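Note sheet for the following structure.
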Amino acid sequence: MLWFLLGVCTLIAGYFIYGKIIERIFGIKPARPTPAIAQNDGVDFVPMSTKKVYLVQLLNIAGLGPIFGPILGALYGPVALLWIVFGSIFAGAVHDYFSGMLSVRAGGASVPTVVGRELGKGAKHFMNGFAVLLLLLVGVVFTLGPAKLLGNLSGTSVPVWVAIIFGYYMLATIVPIDKIIGRFYPLFGALLVFMSVGLLVGLGFSDKPFYSSGITLENLHPKDLPLWPLLFITIACGALSGFHATQSPLMARCVENESNGRFVFYGAMIGEGIIAMIWATLGMSFYDSPAALQATLASGGPSAVVNEVSTSLLGSVGGILAILGVVVLPITSGDTSFRAARLILADFLNFDQKPIVKRLLIALPMFVVGFMISKMNFNVIWRYFGWANQMTAVMMLWTAAAWLKRHDKFHWVCTIPAVFMTGVVNAYLLSAEIGFNLPLSIAGPIGIVSSVLVLAWLLLRGKHQVPEEEAERLLDNA
C-alpha cells in the first residue's frame, strides 16, 4: 500500500511542480480570448465551466487504455509502475498540455493542422489520414471492448450491444457538445470514481497483499518479453498516448481561459495516470504471480481480469457497478473519437459544421467504415492501435518541440520524450509481427539511430517562420 501511495503522491506533486514549469515555458496569456469565446458557434465551440471541461477531458482520454494497458503491463512486474508515474509526469502530461494549448493558440484547430503549422504541409497531410485512421480504430476498439463486458454481464449477445453503442456514438457525434457529452459525463464520472476507489478499498480489505511478487525492478514477464520497446507500447494511455492529441482540441474549443489549461490538460493526464496505477496494482496484487495473471489473460483477455477482480473484491452488486465504471471509460472515449474524426475531416474538406446536414454527410460514411473495421479480429485491431497511438504521440511531441524552438523557448521538455519515443515506435515496428519482424538486436539499434537523426534535424533546423493563421488573427482582434 505504501508504494502505491508513494506513486500517487509523486503524480500529484508532478502536477503542482513540473506542470507549473511547463505552463511557464509555454507562456499563457490569460487576457487573450480563447476559441470558445471568440468563435462560439453553439455546436463545437461552446464555453463550459472549468470543472466540467476537466471531467470531459478526463473521460475523453481515459478509455480502455488505462485499464487494459496496465493489466497487460502488470505482467512485467513493478517496473511498469515507474513508466506510469514518470511517463505521465514528464511525457504524457507534457504531450497533452501542448496538444491542447497549441490548439487553443491555433483557434481550436485539430491535430493535423497544428502539426502542419510546425512540420510542414507533408506532415499535415500525413496526419490527416493517420489521425482519422487512429480515431476509427479507437472508436471500434472502444465499441467492441465495452460490448463484450456488457455481454458477459447481461447475457445479451455482443452484436446487440455493438449496435446500441454505435447508435449512441452517432448521436454524440452530430449533436452539440453540451447536449449529451456535457450533460451525461458527470454521471459517468461518478461511476468512474466508484470503480477506482471501490476496487482499491476492496483490495485493501482483502487477504491479498499489495504487489504479491514483491517490489523489484526485474522483468517478471512469464514469456520473457523484453521491456524495451514492448512495455512502452503496451502501457500507452496511463503514461503517454497520442490518442489524447486528437481529443484535446475538443476541449480546446471549450476552455474559457488559457490559465485553465494546466488543470484541464496536464491535470487530466495525471488523473489518468492514477487510474492506470490502480489497475496495474490490481493486476500485480490480486494474482499470486505474473504467471497466474497470464493464465486469466489467456482464457479471456483483459475483460476476464476486469470481471474476476471486480466481482471478487466487491461482490456481485459492487462488482456490477465497478464493471459499469470500466464500461464508461471506453464509451466516453469512443463517442469523442468519432466526433474528433468528424472535425478533422470537416477541416480538411472545409465543411461548415453548424448545419446538421453537413455533419451527417461526414458522419454517416465514417460509421459505415467503422462498422466494417469492427468485423476484423479484435486482437489484430488492438496491436495496430497500439503502434498508431504511440506514433501519433511522437508526431505531436516533435511538433511541440519545433514550436518551442521557433519561439526561443526551452524545447528540451518535449524534445527528450520525443527522442525516446521515436526509438520506441521504430524499434517496435521493425521487430513486431505486424511490422517487419526483425530481431530486436537489429531493430533496437536502428530505432536509436532514427531518434538521433530526427534530433539532428530539429537542432540544425533554421528559423522556420510559419505565417500567422487566420484563427490567431481572429483571436487577437476579438
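The values are calculated or read from the model by the stated rules, or taken from the named source; none is laboratory data. If you're wondering where the values come from, they're calculated on a predicted model, not measured in any experiment. As a convention, Cβ positions derive from the backbone with ideal geometry for all residues, glycine included, and neighbour counts pool all protein chains shown. For accessibility, only protein heavy atoms count, side chains too; no ligands or nucleic acids. Shrake-Rupley method; radii C 1.70, N 1.55, O 1.52, S 1.80 Å.
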Residue that is under 25 Å from the mean Cα position of the chain (by Cα) and open to solvent by less than 30 Å² (accessible area, probe 1.4 Å), where the choices are Leu397, Leu324:
Leu397
Exactly one of Val111, Val158 is open to solvent by less than 10 Å² (accessible area, probe 1.4 Å) and in contact (Cβ under 8 Å) with a residue 12 or more places away in the chain, and that one is Val111
State which residue pairs qualify: first residue among the acidic types (Asp, Glu) and in a helix (DSSP H, G or I) and inside region 331-344, second residue open to solvent by 10 Å² or more (accessible area, probe 1.4 Å) and at pLDDT 80 or above in any location, beta carbons under 7 Å apart, and separation of 6 or more residues or different chains.
Asp335/Tyr168
Which condition number does Lys124 fail, the rest of (1) touching a Gly at 6+ places or on another chain (Cβ under 6 Å); (2) in contact (Cβ under 8 Å) with a residue 60 or more places away in the chain being met?
(2)
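Residue-wise test of (1) open to solvent by less than 50 Å² (accessible area, probe 1.4 Å); (2) modelled with pLDDT of 80 or more; (3) closer than 15 Å to Met127 by Cα.
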| residue | (1), (2), (3) |
| --- | --- |
| Leu343 | yes, yes, yes |
| Phe351 | no, yes, no |
| Leu364 | no, yes, no |
| Phe371 | no, no, no |
| Met376 | no, no, no |
(1) within 20 Å of Gly69 (Cα to Cα); (2) in a loop (DSSP other than H, G, I, E, B); (3) free of Cβ contacts under 8 Å to residues at least 24 places away in the same chain all hold for Asp207 apart from (1)
Pairs only if they're at least six apart or on different chains, beta carbon under 9 angstrom, first in region 304-317 and farther than 15 Å from Phe194 by Cβ and among the acidic types (Asp, Glu), second assigned to a helix (DSSP H, G or I) and open to solvent by 30 Å² or more (accessible area, probe 1.4 Å); list them, first residue then second.
Glu308/Gly300
Test result for Tyr54, more than 29 Å from Thr173 (Cα to Cα), open to solvent by 20 Å² or more (accessible area, probe 1.4 Å) and under 19 Å from the mean Cα position of the chain (by Cα):
no
Within the set of pairs 6+ apart or on separate chains, which have a first residue in region 284-298 that is closer than 15 Å to Gly214 by Cβ, a second that is of a type in the set (Ser, Thr, Tyr) and in a helix (DSSP H, G or I), and C-beta atoms under 9 Å apart?
Tyr287/Thr296; Pro290/Tyr76
Please determine whether any residue of region 322-329 is of a type outside the set (D, E, K, R) and more than 17 Å from Gly69 (Cα to Cα).
yes
Scanning for something at pLDDT 95 or above and either under 26 Å from Gly107 (Cβ atoms) or more than 26 Å from the chain's Cα centre (by Cα) (or both), does region 419-436 turn up at least one residue?
no
Restricting to region 43-89, name every residue that is within 20 Å of Phe385 (Cα to Cα) and among the polar types (S, T, N, Q).
Asn60, Ser88
Looking at region 70-80, is at least one residue free of Cβ contacts under 8 Å to residues at least 40 places away in the same chain and assigned to a helix (DSSP H, G or I)?
no
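Residues are listed down the side, and each one gets a yes or a no for (1) among the acidic types (Asp, Glu); (2) outside any helix (DSSP H, G or I); (3) modelled with pLDDT of 85 or more:
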| residue | (1), (2), (3) |
| --- | --- |
| Gly386 | no, no, no |
| Met395 | no, no, yes |
| Thr415 | no, no, yes |
| Ile446 | no, no, yes |
| Leu453 | no, no, yes |
| Ala456 | no, no, yes |
| Pro467 | no, yes, no |
| Ala471 | no, no, no |
| Leu474 | no, no, no |
